[in-house]
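Report on the structure given below.
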Amino acid sequence: MLRNPNGLSYAVVVLLAGNIAFDVLLAAIELRFLLTDAATAFFDPAVFGAFDLNAAYDMAFTLYVATGIVFIVWFHRLRKNAEVWAGDLQSRKPGWAIGGWFVPIANLWIPRGIAVDVWRASRWQPYAADGARELVLLNAWWTFWVADAIVDRVASQLYKRAETADAHITAASWSLAGYLLDIIAAVLAVLFVRRLTSMQHTKATGMIPATQ
């Protein structure tokens, strides 16, 4: 049975927008740190004022987790809808639309494969060959998401080991790169969510198909 994903898509977009806002704020903090004397600037009130960095990081992390949960619920719903239209095109069971995100290392490609299957089932002609640039948006989103995940991991490890000003500068540089990648990935995710949701809505309601 088809289920309407529109409400969930709006929630995902709002949460992604919140992530973008926090990324911009935290990226600005990292940049401010890099442009000041690293030996004295780290968590220095004279640099950051009364702004509570720990609270900002906690809020950003909470929002990130909430976004992930809602996104996965939305993703699973679209996968279930895809089963109705072209179940034979789906290479993995619907449960993988949730579980695939939590498999170490394999989560770098399993969700993308599911997304491609769902995309094909959601277009007007599921069994047609892929267009030359049809999957550009999906692939761009996934590429930046994976790159961000890797860079964030490196930055986290560098911060844990940082004991000198130079080490903090290196960690902050990686962290800043991670925030910039995350902003791009989030923007692309918004476009991907709206596009795929629109495709399913168009198909479910029998409207004249938009250009695929």
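The values are calculated or read from the model by the stated rules, or taken from the named source; none is laboratory data. None of these values were measured; they are calculated from a predicted model. Note that each Cβ is placed from the backbone with ideal geometry, even for glycine, and that neighbours are counted across all protein chains shown.
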Yes/no for ARG92 being over 17 Å from the mean Cα position of the chain (by Cα), within 17 Å of VAL12 (Cα to Cα) and in contact (Cβ under 8 Å) with a residue 24 or more places away in the chain: no
Number of the condition not met by ALA128 [criteria: (1) assigned to a loop (DSSP other than H, G, I, E, B); (2) touching a helix residue (DSSP H, G or I) at 6+ places or on another chain (Cβ under 7 Å)]: (2)
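To keep it simple, each residue is scored yes or no on (1) surrounded by 18 or more Cβ atoms within 10 Å (Cβ to Cβ); (2) in contact (Cβ under 8 Å) with a residue 40 or more places away in the chain.
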residue	(1), (2)
ALA155	yes, no
GLU163	no, no
LEU176	yes, yes
ILE184	yes, yes
Qualifying residue in region 74-97 (condition: in a loop (DSSP other than H, G, I, E, B), surrounded by 15 or more Cβ atoms within 10 Å (Cβ to Cβ) and at pLDDT below 95): no
Tally of residues being aliphatic (A, V, I, L, M) and not in a helix (DSSP H, G or I) across region 131-170: 3
Sole residue being touching a Gly at 6+ places or on another chain (Cβ under 7 Å) and not polar (S, T, N, Q), chosen from ALA177, ALA155: ALA155
Any hit, region 141-152, residues being surrounded by fewer than 16 Cβ atoms within 10 Å (Cβ to Cβ), without any contact (Cβ under 8 Å) to a residue 24 or more places away in the chain and farther than 29 Å from ASN6 by Cβ: yes
All positions within region 118-132 that are aliphatic (A, V, I, L, M) and surrounded by 12 or more Cβ atoms within 10 Å (Cβ to Cβ): VAL118, ALA121
Condition check for ALA165: at pLDDT below 95 and more than 23 Å from VAL14 (Cα to Cα): yes
Complete set of residues in region 101-140 that are in contact (Cβ under 8 Å) with a residue 12 or more places away in the chain and aromatic (Phe, Trp, Tyr): TRP101, TRP119, TRP124, TYR127
